[in-house]
Amino acid sequence: MSYRRRSSPLHAARAAVGCAYCASLLAAALVVSSPIALGAVVLAIAGAGAGAGVGRELRRAALFALPLGVAVMVINALVVRDGLTVIARLGDLPVFGQTDITLEASVAGAVLGLRAVGLVLCGALYTAAVDPDQVLRLFRRLSFHSALTATLATRMVPVLARDARRLADAQRCRPGPPPSRARLVRVATAGVLDRALDVAAALEVRGYGAARRAPRGAGAARPWSRHDLAFAASAVAIAALAVGGRVAGLVPFSSDPALHAPVRGGGLAVAIGLLVCALLPFADRRGIER
């Protein structure tokens, strides 16, 4: 999965705002525990991916996230012994011992699995919708060489992955057993030094080794666009709703020793508010071609 510029409001926003927007969704997924509010956060992330035109990337990430969420739920139901409502008695199992699956442990595991799905999808949204070069440019003021090193690392890893796939395809065309993963990794990394020398020569020709700080006032800062303001306000609103709802007890949830997840008007309002605040910036699609 890699970034590609698309015509969407999130792509039109600056990288700092895109990072703040994704970070607010990530924080909301970590803060709220109510199944309704957490489901609203996951639905908001999926809707944001569709609005940003990266639904295919999120579906690809979901192929990894959904089995992970199910595994978290099953392991929590088997390992956790808390809960009063027994729904299944599995007897004496190897490693686990006497195993009684409770409703409380199953629901708590489902919440943890749903949170894991939300975190993976949020990471996929960030990767596909926020320009990594602009993100690294944000850290240029702190250290030019660190930003350059990170840029080269992020660019070289996909190249090495493509080299490994091409070597594997070529080896499969030859008779005999297929090569081992260790051999492919060894052959792929053997060309790293040559690539590093070529890149270093190219950077030296372009004058990266003699880079100097631009004089004050040499470049005007890009003014904030309507998309920057919309996603910045959305990030603040999402964080405020998640933290405020958790502190005020509007989205309560507990599973020890008994299940307590009441559906109240305040909790529904927080869930709907999270969904609306996350998707509202995608309604304005003017100027997304820039």
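With R₀ fixed at 35 Å, the C-beta to C-beta distance from Val86 to Leu43 puts the FRET efficiency at about 0.65.
In order along the range 65-72, the phi-based Karplus estimate (6.51 cos²θ - 1.76 cosθ + 1.60, θ = phi - 60°) of 3J(HN,Hα) comes to 6, 5, x, 5, x, 5, 5, 4 Hz; Gly and Pro are listed as x. Protection proxy ranking for 246-259, 265-278, 83-96, using the average of other Cβ atoms within 10 Å per residue and placing the highest first: 265-278, 246-259, 83-96. Close amide-amide hydrogen proximity is noted between Thr102 and Ile87, each under 5 Å apart and 5 or more residues distant or on a separate chain (H modeled in the peptide plane; Pro and chain starts excluded).
Each Cα pair of the range 56-136 feeds into the Kirkwood radius, which the Stokes-Einstein equation turns, at 4 °C and 1.567 mPa s, into a diffusion coefficient of 90 µm²/s.
Read-outs throughout are calculated quantities, based only on the coordinates presented, and are distinct from any laboratory measurement. All figures in this text were calculated on a predicted structure; none of them were measured in a lab. Neighbour counts run over all protein chains shown; Cβ positions are idealised from the backbone, glycine included.
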